[in-house]
Amino acid sequence: MNTADSVGSTTPAAEAVAKRFLAAGFPASDVQVLTPRADKGNVVVRYRGRGTRKPLLLLAHLDVVQALRSDWSPELDPFKLTERDGWFYGRGTADDKAMAAIFVANLLRLKQERYVPDRDIILALTADEEGGPVNGVRYLLRDHRDLIDAAYAINEGGGGALKDGKPFYHSVQATEKVSANFRLTATNKGGHSSVPRPDNAIYELAEALTRVARYQFPVELNEVTRAFFERTATVESPDVAAAMRAIVRNPGDSAAAALISVQPRFNSMLRTTCVATRLSGGHANNALPQTATANVNCRIVPNKPPDEVRQTLVRAIGDTSIEVSRAPALDPSAPSPLLPELITPVERLTREMFGNVPVIPTMSTGATDGRALRSAGIPTYGVSGLFGDPNDARAHGRDERMLVKSFFDGQEFLYRLMKELTSARPVS
């Protein structure tokens, strides 16, 4: 189904999921399709347990990023699931319909087994995670908090990495950065281009952006990123591993930070980052520019006030003629605690299914709906058992795909994890 956030609709998908659960014998009162807008359907299903503990929430999103048929390989339709050469192709196979399908299948399997969990299991499949106008999770938190309130949630954002086709590590996302955009503006009275002057809005903006590019925010670690570097050190080269251990001991170790920062992925885990993403200026080919603007996108470490980032940009630019837009109002989103109740079974199941590979807590530098849940006081963890090659990531891109084996391994992993988390087994 075409559930693209811009031109599709998640409502038919939500209704199709609801139909499956009703056919499986779930009471209608426990299967709800909620539509804040006709094309923005969300489905919430409650699997009843004994209620001895607060519920477990399973979260996935039904919407996907738009895909044009002309952009994909001729033999592939982005909105038709295609199995070929050991892969599932289609928009959403990686982000995030695989998890949505797995959660549905696993709950139906538990129903067939007559499994009675010690806590309710709630499934929420939502709209607009990809940035549409009616965010499903925020809508549910605002208008239907009682339907999804839980001890914690399992979400996307984590997963496993393959190296030479073999499991290399398994990540659990427990926090994420916050995205904020700042508009930089240089203005000038302008004039005729035949009489140039030193004060040129485009040049002034260009110099400001050069200073932003050269500025590096300080290292700021939290519980999750400290654990990330500690455990990633076990699979890195000796020099990088030593630097990671050093930065955990002393975040002010500039030599260690410099070595780690060579790799953009690790650099983004160390600190807030800001980068220019859009640029415009001038109004005519034969006129001096009166205005030049740029968008600077910042990915801010958890719990750091956006206005503090703005003030840092102002100081880095060092030019009072450059206007920096006001900081957006953003809800704080503290890292989720690394609960033994969750981490211990994830580690055990990872060993059982994928071998002796490390389980690494991680901070997403992108964004998921987990941030909204964390801001609302519901700890959220990205964990899936879905393994892929990090050098062949195609989410949001051409010919998005997932290994068939990875899909079914992830389904089995999450099935076992759901039972672990809802059977009151002691954590060893």
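Values as computed for the structure displayed
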quantity	calculated
Qualifying residue in segment 271-288 (condition: in a loop (DSSP other than H, G, I, E, B) and under 28 Å from the mean Cα position of the chain (by Cα))	yes
All positions within segment 86-117 that are surrounded by fewer than 24 Cβ atoms within 10 Å (Cβ to Cβ), under 11 Å from MET418 (Cβ atoms) and either at pLDDT below 95 or of a type in the set (Phe, Trp, Tyr) (or both)	TYR115
Long-range neighbours under 6 Å by Cβ, at least six apart or interchain, first residue assigned by TED's automatic domain parsing to the domain that holds GLY388 and more than 13 Å from GLY160 (Cβ to Cβ) within segment 401-413, second part of a helix (DSSP H, G or I) and at pLDDT 95 or above	GLN411/ILE102
Every pair of residues 6+ apart whose Cβ atoms lie under 7 Å, when the first sits in segment 118-143 and is at pLDDT 95 or above while the second is assigned to a strand (DSSP E or B) and of a type in the set (D, E, K, R)	ASP118/ARG53; ARG119/ARG53; ARG119/LYS54; ASP120/ARG46; ILE122/ARG46
Per-region count, segment 256-284, residues surrounded by 16 or more Cβ atoms within 10 Å (Cβ to Cβ) and of a type in the set (Ser, Thr, Tyr)	4
Condition broken by ALA287, with the remaining ones in (1) surrounded by 14 or more Cβ atoms within 10 Å (Cβ to Cβ); (2) of a type in the set (Gly, Ala, Ser); (3) modelled with pLDDT of 95 or more satisfied	(1)
Flag for GLU236 being of a type outside the set (S, T, N, Q), within 30 Å of THR380 (Cβ to Cβ) and in contact with a Leu (Cβ under 7 Å, 6 or more places away or on another chain)	no
Qualifying residue in segment 363-373 (condition: at positive phi and either aromatic (Phe, Trp, Tyr) or at pLDDT 95 or above (or both))	no
Residue list for segment 138-161, filter: of a type in the set (Asp, Glu) and either touching a Ser or Thr at 6+ places or on another chain (Cβ under 9 Å) or in a helix (DSSP H, G or I) (or both)	ASP143, ASP146, GLU156
Selection from segment 178-218 of residues that are at pLDDT 95 or above and closer than 28 Å to PRO358 by Cβ	PHE217, PRO218
Qualifying residue in segment 331-347 (condition: in contact (Cβ under 8 Å) with a residue 60 or more places away in the chain and either basic (Lys, Arg) or on the phi > 0 side of the Ramachandran plot (or both))	no
Output for segment 198-229, where each listed residue is among the charged types (D, E, K, R) and surrounded by fewer than 18 Cβ atoms within 10 Å (Cβ to Cβ)	ASP199, GLU207, ARG211, ARG214, GLU220, GLU223, ARG226
Count of segment 153-198 residues which are among the small types (Gly, Ala, Ser) and closer than 15 Å to PRO361 by Cβ	7
Verdict on ASP392 being in the same structural domain as LEU123 (by TED's automatic domain parsing), surrounded by fewer than 20 Cβ atoms within 10 Å (Cβ to Cβ) and on the phi > 0 side of the Ramachandran plot	no
Of the criteria (1) surrounded by fewer than 22 Cβ atoms within 10 Å (Cβ to Cβ); (2) in a loop (DSSP other than H, G, I, E, B), which one LEU349 fails	(2)
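A quick yes/no check of all residues on (1) among the charged types (D, E, K, R); (2) under 19 Å from the mean Cα position of the chain (by Cα):
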{"position": "GLY92", "(1), (2)": "no, yes"}
{"position": "MET99", "(1), (2)": "no, yes"}
{"position": "ILE121", "(1), (2)": "no, no"}
{"position": "GLU130", "(1), (2)": "yes, yes"}
{"position": "LEU147", "(1), (2)": "no, no"}
{"position": "GLU156", "(1), (2)": "yes, yes"}
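This table checks each residue for (1) over 23 Å from TYR152 (Cα atoms); (2) hydrophobic (A, V, I, L, M, F, W, C); (3) not assigned by TED's automatic domain parsing to the domain that holds PHE408.
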site	(1), (2), (3)
LYS19	yes, no, no
VAL44	no, yes, no
ARG53	no, no, no
LEU68	yes, yes, no
SER73	yes, no, no
PHE79	yes, yes, no
ARG91	yes, no, no
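The values are calculated or read from the model by the stated rules, or taken from the named source; none is laboratory data. These numbers were taken from a predicted model, which means no experiment stands behind them. All Cβ positions, even for glycine, are placed from backbone atoms using ideal geometry, and neighbour counts span all protein chains on display.
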